[in-house]
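Down below is the structure, laid out as structure tokens.
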Amino acid sequence: MSLVRVHTFSVSLDGFGTGEGQSLDDPFGHAGSRLLAWFQATRTFRQIHGEPGGRYGVDDAFADNWGLGIGAEIMGRNKFGPQRGPWADEQWKGWWGDDPPFHTPVFVLTHHPRPSIEMNGGTTFHFIDAGPGEALELAREAAGGLDVRIGGGPSMMRQFLAADLIDLMHIAIVPIVLGRGEPLWYGLEELEGKFDVEAVSSPSGVTHLTFTRR
């Protein structure tokens, strides 16, 4: 069976996976770009977005796994956009422009389903009102035997971890303190008992944790 994976998910030293006050101009709220600065500097990130350059090294070695063998993604609504409640504007197609970097089916979890959006490059956003188990069944079917990536944000990640549905998880601990925002680990006491956990430090100051299901 295909694996359920998390990659390049960044968390602050105090455990927040995004800041407070998300808006159209600030997808990560008051955190700005600080959580993703390490990823944005890598060769892999630049390639994903069709840009030259970028750093090699430890951070890039972890970043490079982001797209390998992935056939579908599941993300929460707040990763797709800043709107809450019923869709006031169905013209919004995500933060990523006309050619998002996913190039697979993407299942957006929302209590307000809307028609699917087919984008350039092979990405299609499907908006579904479903729990983790049902969403994973749909994503696995769409993935065609490849793995499913859980894209975040933190609230949705907690749901999948609480349901014990994640097989492999890469968390980047970024050396910043946010003080407020959406926590990743809340309510997940003794999570480490379900995984083998390894840590690798990078010269950038980021610590890469990998959780592999036992």
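Let's see how each residue does on (1) farther than 28 Å from LEU165 by Cβ; (2) among the basic types (Lys, Arg); (3) more than 16 Å from the chain's Cα centre (by Cα):
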{"site": "SER10", "(1), (2), (3)": "no, no, no"}
{"site": "GLY15", "(1), (2), (3)": "no, no, no"}
{"site": "GLU20", "(1), (2), (3)": "no, no, yes"}
{"site": "PHE28", "(1), (2), (3)": "no, no, no"}
{"site": "LEU35", "(1), (2), (3)": "no, no, no"}
{"site": "ARG43", "(1), (2), (3)": "yes, yes, yes"}
{"site": "GLY53", "(1), (2), (3)": "yes, no, yes"}
{"site": "ASP64", "(1), (2), (3)": "no, no, no"}
{"site": "GLN83", "(1), (2), (3)": "no, no, yes"}
Say whether the condition of being closer than 25 Å to LEU36 by Cα and either surrounded by fewer than 18 Cβ atoms within 10 Å (Cβ to Cβ) or in contact with a His (Cβ under 7 Å, 6 or more places away or on another chain) (or both) is met by at least one residue in segment 125-148. no
Restricting segment 61-99 to residues that are assigned to a loop (DSSP other than H, G, I, E, B) and of a type in the set (A, V, I, L, M, F, W, C), the one surrounded by the most Cβ atoms within 10 Å (Cβ to Cβ) turns out to be TRP66
TYR186: passes all of (1) in contact (Cβ under 8 Å) with a residue 12 or more places away in the chain; (2) among the hydroxyl-bearing types (Ser, Thr, Tyr); (3) surrounded by 13 or more Cβ atoms within 10 Å (Cβ to Cβ) but (3)
Within the bounds of segment 152-170, is there any residue that is surrounded by 19 or more Cβ atoms within 10 Å (Cβ to Cβ), of a type in the set (Gly, Ala, Ser), in contact with a Gly (Cβ under 8 Å, 6 or more places away or on another chain) and closer than 14 Å to VAL6 by Cα? yes
Do we have PHE45 as of a type outside the set (S, T, N, Q), touching a residue at least 12 places away in the same chain (Cβ under 8 Å) and out of contact with any strand residue (DSSP E or B) (no Cβ under 7 Å at 6 or more places or on another chain) here? yes
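Within segment 161-170, is even one residue at pLDDT 95 or above, within 22 Å of GLU189 (Cβ to Cβ) and in a helix (DSSP H, G or I)? Step through it out loud before you land on a result.
Of the residues in segment 161-170, the ones at pLDDT 95 or above are 161-170.
Cutting the leftovers down to within 22 Å of GLU189 (Cβ to Cβ) gives us 161-170.
Pick out the ones that are also in a helix (DSSP H, G or I) and you get 161-162.
Within segment 161-170, one or more residues are at pLDDT 95 or above, within 22 Å of GLU189 (Cβ to Cβ) and in a helix (DSSP H, G or I).
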For segment 188-203, the count of residues that are part of a loop (DSSP other than H, G, I, E, B) and more than 19 Å from the chain's Cα centre (by Cα) equals 4
Residues located in segment 6-33, provided they are out of contact with any Asp or Glu (no Cβ under 7 Å at 6 or more places or on another chain) and either crowded, with 17+ Cβ neighbours inside 10 Å or assigned to a strand (DSSP E or B) (or both): VAL6, HIS7, THR8, PHE9, SER10, VAL11, SER12, GLY19, GLN22, PRO27, PHE28, ALA31
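The values are calculated or read from the model by the stated rules, or taken from the named source; none is laboratory data. Worth saying up front: this structure is predicted, and the values here are computed from it rather than measured. Counting neighbours? That spans all protein chains shown, and the Cβs are built from the backbone with ideal geometry, glycine included.
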